[in-house]
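*Asks:* One structure follows; several queries about it will come next.
The values are calculated or read from the model by the stated rules, or taken from the named source; none is laboratory data. Everything quoted here is computed from the prediction, not taken from an experiment. Cβ placement follows ideal geometry from the backbone for every residue including glycine, while neighbour counts extend to all protein chains displayed.
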Amino acid sequence: MTGTTMERAADAVAALQVEARRAGLAPAHTAPGRSESARDLARSIVRGEVAAPRMHRAPLTPRRLLPAMAVAAAAAVVAVVALQPPAPAQAGPPRLEFAEEGAELSPASGVAPQEDLSVLAAAADASSVPGPSAALTVQEIVTAGWGAQGDSEAEETAFVTSRTQVLTEADGAVTVRQERGEALTEDGRGIDASRAWIAPDAATDELPAGTIDPTLLQGLPSEPAALRARMAEALGCDDPALESPAACLAQSVEYLHTFTVVPADVEAGMWQVLAAEPGVVSLGGVEDRAGRAGIGIAVAAPGRGGDTTMTVLVGDPETGTLLGSEHLVVEPDEASAPRVVEFVTFLSRAWVAEGS
């Protein structure tokens with residue numbers, strides 16, 4: 001790991017420590033006999049000297065569920081995958097415009113989602129997602145994304161993206177490679193969906209065996225009720241302290257896609273799970289950040305400090321796969337428009353040969 005990457009990892013760990021404390025979480029342990037700084041903790045995690053911090057549960061707000069899950073799974077990955085420090089109030093790329101609300105997106109937006117979620121579930125059910133084989137043992141996920149970083153080198157008005165490749169091997173080792181991506185166009189798009197590869201000289205982080213459970217989704221049931229129970233149990237979505245279990249489930253769908261190739265029947269089941277959740281709505285058709293046709297599925301939930309968070313999943317009506325996610329925040333002022341604090345656009349996911 002290079003010094004620059006280590007600094008980014010340490011900054012991300014420090015940000016997550018702050019966010020965890022704000023959310024009522026605390027690290028369950030560090031190495032015996034020492035209290036680690038963020039930089040030391042990042043080094044220790046990467047060297048395998050201590051496990052990624054486990055979190056003991058306290059009342060959670062939906063806005064902080066995804067960072068909590070990510071820390072529990074792979075704390076050192078967050079510097080280059082999807083989680084970044086909170087956005088400054090003025091930051092944020094242009095919002096996507098959805099058919100149901102256009103430019104007037106708000107927490108009250110949306111219509112009953114069952115019809116659109118049925119379309120996504122049926123498309124996923126009819127799709128064929130090749131699974132692992134003797135030759136194909138590594139799960140490859142390639143994404144493009146943006147998250148507020150406070151990076152002094154970033155062009156504030158251009159909203160430059162990053163491209164990330166996550167390789168999860170059969171033993172749970174994870175390789176994360178990242179490079180600078182495109183600058184978004186004025187309408188918030190411009191990501192090249194045909195370029196699902198990362199340059200050989202990209203910044204690379206390698207995490208040891210056991211970082212991720214590579215069979216995480218292979219044993220999940222596809223039947224919606226059973227699948228929901230497993231997701232809720234694993235991720236705490238039925239915690240009585242949560243004001244919006246639906247927001248937890250929606251964010252968990254995104255999280256699971258970040259590290260694993262989701263089987264088609266499980267993907268169909270996930271859309272069916274969301275169809276039965278109170279608070280989930282459809283925003284209708286949308287053109288995603290890469291110019292692909294999608295359907296927006298959203299859930300709003302109370303955030304921290306009186307604001308409201310919106311998680312939007314964009315599904316492909318032709319294949320049922322998750323095309324991307326959008327995270328927005330609405331300030332307590334009713335006149336405030338939602339601002340994008342993070343998005344992830346999925347470009348490819350496949351089982352590949354080791355060394356690909």
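*Asks:* Select, from Ala246, Ala196, Ala241, Ala202, the only residue that is out of contact with any Phe, Trp or Tyr (no Cβ under 8 Å at 6 or more places or on another chain) and surrounded by 21 or more Cβ atoms within 10 Å (Cβ to Cβ).
*Replies:* Numbers: Ala196 fails: surrounded by 21 or more Cβ atoms within 10 Å (Cβ to Cβ); Ala241 fails: surrounded by 21 or more Cβ atoms within 10 Å (Cβ to Cβ); Ala202 fails: surrounded by 21 or more Cβ atoms within 10 Å (Cβ to Cβ).
Just a single option satisfies the conditions, and that option is Ala246.
*Asks:* Looking only at the stretch 216-229, which residues are closer than 20 Å to Gly279 by Cα and either buried (at least 22 other Cβ atoms within 10 Å of the Cβ) or without any contact (Cβ under 8 Å) to a residue 12 or more places away in the chain (or both)?
*Replies:* Here is the first cut: in the stretch 216-229, the residues closer than 20 Å to Gly279 by Cα are 224-225, 227-229.
Of everything in the stretch 216-229, those that are closer than 20 Å to Gly279 by Cα and either buried (at least 22 other Cβ atoms within 10 Å of the Cβ) or without any contact (Cβ under 8 Å) to a residue 12 or more places away in the chain (or both) turn out to be Ala225, Arg228, Ala229.
*Asks:* While we're on this one: Can you name the condition, by its number, that Pro113 falls short on among (1) modelled with pLDDT under 95; (2) crowded, with 16+ Cβ neighbours inside 10 Å?
*Replies:* Evaluating Pro113 over (1) modelled with pLDDT under 95; (2) crowded, with 16+ Cβ neighbours inside 10 Å leaves (1) as the failure.
*Asks:* If you take the residues in the stretch 219-234 that are hydrophobic (A, V, I, L, M, F, W, C) and part of a helix (DSSP H, G or I), which one is modelled with the lowest pLDDT? Spell out the reasoning first.
*Replies:* First, pick out the residues of the stretch 219-234 that are hydrophobic (A, V, I, L, M, F, W, C): 220, 225-227, 229, 231-232, 234.
Then drop every residue that is not part of a helix (DSSP H, G or I), which leaves 225-227, 229, 231-232, 234.
Working: Ala225: 92, Ala226: 92, Leu227: 92, Ala229: 89, Met231: 83, Ala232: 84, Ala234: 70.
It comes out as Ala234.
*Asks:* Search the stretch 262-310 for residues being assigned to a helix (DSSP H, G or I) and of a type in the set (Asp, Glu), and hand back the single one that is surrounded by the fewest Cβ atoms within 10 Å (Cβ to Cβ).
*Replies:* Initially, the stretch 262-310 is screened for residues assigned to a helix (DSSP H, G or I), giving 264-275, 304-306.
Then keep just the ones that are of a type in the set (Asp, Glu); that gives 265, 267.
Working: Asp265: 18, Glu267: 28.
That would be Asp265.
*Asks:* Next question, about the same structure. Quick check on Pro338: is it over 22 Å from Arg177 (Cα atoms) and surrounded by fewer than 20 Cβ atoms within 10 Å (Cβ to Cβ)?
*Replies:* Numbers: over 22 Å from Arg177 (Cα atoms): yes; surrounded by fewer than 20 Cβ atoms within 10 Å (Cβ to Cβ): no.
Considered against the rule, which asks whether it is over 22 Å from Arg177 (Cα atoms) and surrounded by fewer than 20 Cβ atoms within 10 Å (Cβ to Cβ), Pro338 comes out as no.
*Asks:* So which residues in the stretch 315-338 are closer than 15 Å to Ser282 by Cβ and more than 12 Å from the chain's Cα centre (by Cα), if there are any at all?
*Replies:* Within the stretch 315-338, Gly315, Asp316, Pro317, Gly320 qualify.
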